[in-house]
Amino acid sequence: MKRKIRNIVLIAVVALTVGYIYSQNGKQKEKQEQYIFRLAEVHSAEYPTTKANEYFAKLVEERTEGRIKIKVYADGVLGEEIDVIEGLQYGGIDFARISIAPIAEYVEEMNSLMLPYLYADGEHMWRVLTSPLGEKMLESVNAAGLVGLAWYDAGARSYYLNTPIDGIEDLKGKKIRVQTSSLMFAMCEELGATPKSMPESRINQGVIEKTIDGAENNISTYEAFGHYESCKYYLLDEHTRIPEMIVASDITMKKLSEEDQEIIKQCGVEAGEYERVLWNQAEQAAIHRLEEKGVIFITPSEEMKQEARVKNEDLYNEFAGKYKAIIDQIQEMK
């Protein structure tokens, strides 16, 4: 009888031990689950945002001890930004660096952050983006199936043409490539120009074929895509400052534990801070190189800027009338 009891106890102990080992192995297996994700970027490997993306991927891999790897696909190999957003929404793409202009087609309130002549300067914009309002706007992309991780700088956008230009009034009658955004199209039309849509990589060819007379973008992109080869007259009107985001697919994030999601969000914030430094350095260096290549920078007078600002006032009501409170908050931070 005693032997039978000892055997029962032994079996119970063995069962408990095996159960414990199985449980621990299960936890270990879950903890060591590996992921390989894709991050979309339209710019080249040497562009500031691409370098910041690589930094983000490096931080994530280090802090998850190699469990989460992110491969950055540069040069637009995963598509233009509007296509990438769709990829993020259905989970075909995991992360991306995206301008808020195409995001505004899904999240209307984003228009309130990129209205013409909204910011006094770059510092004003960053006071907005790093405020509680900026955090709220970052979170607003959840409505489009995205998770906003951090803000990226993209400088100020200005117009450039293939013919001499003295001021904003010279844009009248010109065909200008702009971002795929209803607001950007309307802004161009207010100045008497005809907006056109095409990939950034096609702008030089578009000028050669006379499909367009010029485009508008920040200085770094202007240089990176070689647009100075066809448009050497760059008007520093700085009509818009359109911040960018590093975002994740909501589908991708839901695959991860809360701990891993927090790691990714923190890495995104640090990558955003790193990108701002890279951007400032790259922009100053680009201006110097472009001047050496014969680019002519034209600075419009404050009177010309004010005239353009007045022409675009109607757009505030048309595209952000419902968000007057947001615009007022932005103006108060000047």
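The values are calculated or read from the model by the stated rules, or taken from the named source; none is laboratory data. Since the structure is predicted, the reported quantities are computational estimates derived from the model, not experimental observations. No Cβ is skipped: glycine too gets one built from the backbone with ideal geometry, and neighbour counts run over all protein chains shown. In case anyone asks, the SASA skips ligands and DNA or RNA and just uses the protein heavy atoms, side chains included. Shrake-Rupley method; radii C 1.70, N 1.55, O 1.52, S 1.80 Å.
Some notes on this structure:
- Our coupling estimate for the range 75-81, obtained by passing each phi through the Karplus curve with A = 6.51, B = -1.76, C = 1.60 and θ = phi - 60°, is 6, x, 5, 9, x, 5, 4 Hz, Gly and Pro reported as x.
- Principal-axis analysis of the Cα atoms of the chain puts helix 2-31 at an angle of about 10° to the longest axis.
- Per-residue surface analysis assigns residue 140 an accessible area of about 20 Å², computed on protein heavy atoms at 1.4 Å probe radius.
- Sorting 292, 86, 190 by accessible area puts them as 292, 86, 190; the probe is 1.4 Å, largest comes first, and only protein heavy atoms count.
- Ranked by solvent-accessible area (1.4 Å probe, protein heavy atoms only, all chains present), the residues 94, 75, 170 order from largest to smallest as 75, 170, 94.
- Shape category assigned to the chain from the gyration tensor of Cα positions, a/c cut at 1.5: prolate
- When the residues 84, 77 are ordered by accessible surface, computed with a 1.4 Å probe over the protein chains alone, the sequence from largest down reads 77, 84.
- Local electrostatic count, residue 59, Cβ distance below 14 Å [Lys/Arg +1, Asp/Glu -1]: -3
- Given 174/322; 136/322; 136/324; 51/255, the pairs whose alpha carbons are separated by over 20 Å: 174/322; 51/255
- Listed residue (36, 236, 137) projecting farthest to the positive dipole end of the chain, Cβ model: 36
- Solvent-accessible surface (1.4 Å probe) assigned to residue 56 amounts to roughly 0 Å².
- The phi torsions of the range 314-331, fed into the Karplus equation with coefficients 6.51, -1.76 and 1.60 and a -60° offset, translate into couplings of 4, 5, 4, 6, 5, 9, 9, x, 6, 10, 4, 4, 5, 4, 4, 5, 5, 5 Hz, rounded to whole numbers, with Gly and Pro shown as x.
- Förster radius 41 Å - calculated FRET efficiency between residue 67 and residue 166 (Cβ-Cβ, nearest 0.05): 0.10
- Taking other residues whose beta carbon is less than 10 angstrom from the beta carbon of residue 34, and scoring Lys, Arg as +1 and Asp, Glu as -1, yields +1.
- Whole-percent carbon and sulfur share, accessible surface of the range 197-292, 1.4 Å: 45 percent
- Local electrostatic count, residue 108, Cβ distance below 14 Å [Lys/Arg +1, Asp/Glu -1]: -1
- The range 216-286 - accessible surface per residue (Å², probe 1.4 Å): 38 Å²
- For the range 102-157, size of Cβ-based charge dipole, Lys and Arg +1, Asp and Glu -1, in debye: 40 debye
- Area accessible to solvent at residue 295, 1.4 Å probe radius, in Å²: 10 Å²
- Magnitude of the charge dipole, the chain, Cβ model with Lys/Arg +1 and Asp/Glu -1, debye to 20: 2280 debye
- For residue 150, distant residues with modelled amide H under 5 Å away: 246
- Residue 236 long-range amide H proximity, modeled H, under 5 Å: 298, 299
- Residue pairs, from the table 71/293; 71/265; 196/305; 71/210, whose Cα atoms sit over 26 Å apart: 71/293; 71/210
- Under a model in which nothing but the beta-carbon of Lys, Arg (+1) and Asp, Glu (-1) is charged, the range 167-289 shows a dipole of about 580 debye around its Cα centre.
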